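Encoded as structure tokens, the structure appears first; notes follow it.
The values are calculated or read from the model by the stated rules, or taken from the named source; none is laboratory data. Here the structure is a predicted model, which is why all the values come from computation and not from measurement. We place every Cβ from the backbone using ideal geometry, glycine too, and count neighbours over all the protein chains shown.
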Amino acid sequence: MGTLPERRNIPPWVKGPEDLKDPEVFQLQTWLLEAMFGRDGFRIRYIEQVSKAMLELKALESPDFTKVVVYSSYIHKLWAKRILQSMVEWHYQHQE
């Protein structure tokens, strides 16, 4: 079971403690997250609204990777992860 997030502004579509437990966790390259969300992360809120999930980005020891934590119901966590995977694929294809 995951720990509860420290974030204070939990979006209204994240319903209660059950959505905050057992988050989906994965790592992405930091440069890729900056390309997807902007340097200040201004696009994160939009992805949260579309996927009905809450995203947290956490720095790792290696500055090359960032941990992405997704909180929501099971279905919305899967949807958020799929949206992020699609964005990653698009950025890799257009990087060249």
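Note on segment 66-87: among residues that are surrounded by fewer than 17 Cβ atoms within 10 Å (Cβ to Cβ) and either of a type in the set (F, W, Y) or under 12 Å from the mean Cα position of the chain (by Cα) (or both), the one that is nearest to D19 (Cα to Cα) is Y74. Considering segment 13-32, and only residues there that are surrounded by 18 or more Cβ atoms within 10 Å (Cβ to Cβ) and at pLDDT below 90, the residue that is nearest to I75 (Cα to Cα) turns out to be D19. Restricted to segment 48-64, and to residues there that are outside any loop (DSSP other than H, G, I, E, B) and of a type in the set (A, V, I, L, M, F, W, C), the residue that is surrounded by the most Cβ atoms within 10 Å (Cβ to Cβ) is M54. Being touching a helix residue (DSSP H, G or I) at 6+ places or on another chain (Cβ under 7 Å), part of a loop (DSSP other than H, G, I, E, B) and not hydroxyl-bearing (S, T, Y) is not true of P12. Number of residues in segment 52-75 that are touching a strand residue (DSSP E or B) at 6+ places or on another chain (Cβ under 8 Å) and in contact (Cβ under 8 Å) with a residue 24 or more places away in the chain equals 15. Per the listing R82, R45, the residue uniquely closer than 12 Å to P11 by Cα, of a type in the set (K, R) and in a helix (DSSP H, G or I) is R45.
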